[in-house]
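A short worksheet on the structure shown next.
Read-outs: derived from the displayed coordinates by stated rules, not from any lab. Predicted model, so just to flag it, every value in this text is computed and none were measured. Positions of Cβ are generated from backbone atoms using ideal geometry, with glycine treated the same way; all protein chains shown enter the neighbour counts.
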Amino acid sequence: MNTLEAIKALPKVELHVHTLGSLQPSTLLSIIKEDGINSPYRTIEDIIQRFQFTDFTQFIEVYAEIVGYISDEKHFEPIIFDMLKKCSECNTHYVEASFSPRDHLQHNLEFSRMVDAINKGIDRARKTFGIETNIRIDLVRNSTQDEAMEVLDYIAKNPHNIVSVDIGGNEGKFPPKPFAEVYERAHKMGLHLVAHAGEAAGPQSIWDAIQFLKVERIGHGVTARNDPKLIEYLKEKQICLEMSPIGNLRTGVVKSIQDHPIREFYDKGLLVTVNSDDPSLFHTDLNNEYIQIHEHLGFSILELFQLSMNGIETAFIDEVSKTELRESFSSEYRQIMDQLE
Ligand SMILES: [Zn+2]
């Protein structure tokens, strides 16, 4: 086994991956055809072409367009199954799949039916690939407080496999503070708390997510690099940063992989993890993320394995499951190292 094969074989955890951002062009085309939806796309290549963009605003536009094509709750079953199939191809054992119901409620889909379809896909993937998956709900920061509260009402009625809330969306225009009450209620409901922050906005956005939303993990957190006090704080409190180097490159958050702060954060002792975010839109997967930071940021196989272990550390699962995962990851790691040439 050579180094690249060893990296691919490493056991992995995926804590930050968007269900719709994982939508395969082929799955989208079949949905469009099946539902007889009017679209400019005739071939898979047309869709691949559309999945190219150079900045964050454009990315949000493409994402909104995809949302518009999902016209039936049942489509979430194959969407999540296909996503988890891709995850298992990277030897990912545990996934927290991000789902943004608000986007689809606007198109008159029902929350419970969507979650049921997602759970069907999760069950089928568990049986087929042995992969464990929980759901994190993205309340979408562009929503009003009432809209976010409505989603919490829905979660209360159908909480199956839902472990946390998050806010994604347009970070530059919609700061965290108005979601304080929503997060307080989510916490009381027993949900874990995460927010996208420090991706499209500066370090203040991260501070606000910590202060007002009391988050346990930060999605991205790239711009923490501009604030030494924040770096110290994140280290001291061991607040996890769910980092996605390739996604940050595609949306122009970093100029190059070499410019990504994950190396600096790791070396300073921050609790960082690697994730694929929107793998289909960013033309990446977890294997590619690991390989890129190995090649361009010098992460050794042991360090990459440590990133996988960080994922277990901060996963929203019980201690028994964590112990089991740690043991199986360590044994897989030893086998890989034994086979490494
Ligand atoms: Zn994200």
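Key figures for this structure:
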item	result
Approximate spin-label separation Ser30-Gln306, in nm, with each point projected 7 Å along Cα-to-Cβ	4.2 nm
Too-long pairs where the Cα-Cα distance tops 22 Å, listed order kept, from Lys237/Lys322; Lys12/Lys177; Lys8/Lys120; Lys12/Lys237	Lys12/Lys177; Lys8/Lys120; Lys12/Lys237
Rg/Rg_ref, the range 224-341, where Rg_ref = 2.2 N^0.38 Å and atoms are Cα	1.10
Burial ranking of peptide ranges 232-242, 103-113, 130-140 (average Cβ count within 10 Å, highest at the top)	130-140, 232-242, 103-113
Hydrodynamic radius by Kirkwood, which averages 1/r over all alpha carbon pairs of the range 3-339, in angstrom	20.0 Å
Contact order normalised by residue count of the chain, Cα under 8 Å, 6+ apart, percent	21 percent
Listed peptides 33-40, 51-58 by packing density, highest first (mean Cβ within 10 Å)	51-58, 33-40
Potential extension, Asn226-Ser330 segment - 0.36 nm per residue separation minus Cα distance	33.9 nm
Candidate lysines - alpha carbon under 20 Å from Lys235, same-chain residues fewer than 8 apart omitted	Lys214, Lys268
D_trans [Stokes-Einstein, Kirkwood Rh over alpha-carbon pairs] for the range 140-183, 20 °C, 1.002 mPa s, µm² s⁻¹	193 µm²/s
Cα gyration tensor of the range 1-61 - equivalent ellipsoid semi-axes, whole Å, descending	30, 16, 13
Residues Arg42, Arg50 arranged by fewest to most Cβ contacts within 10 Å	Arg42, Arg50
Long-range HN-HN contacts of Cys240 with modeled amide H, under 5 Å	Ile218
5 angstrom amide H check on Leu15, placed H, neighbours 5+ away	Glu96
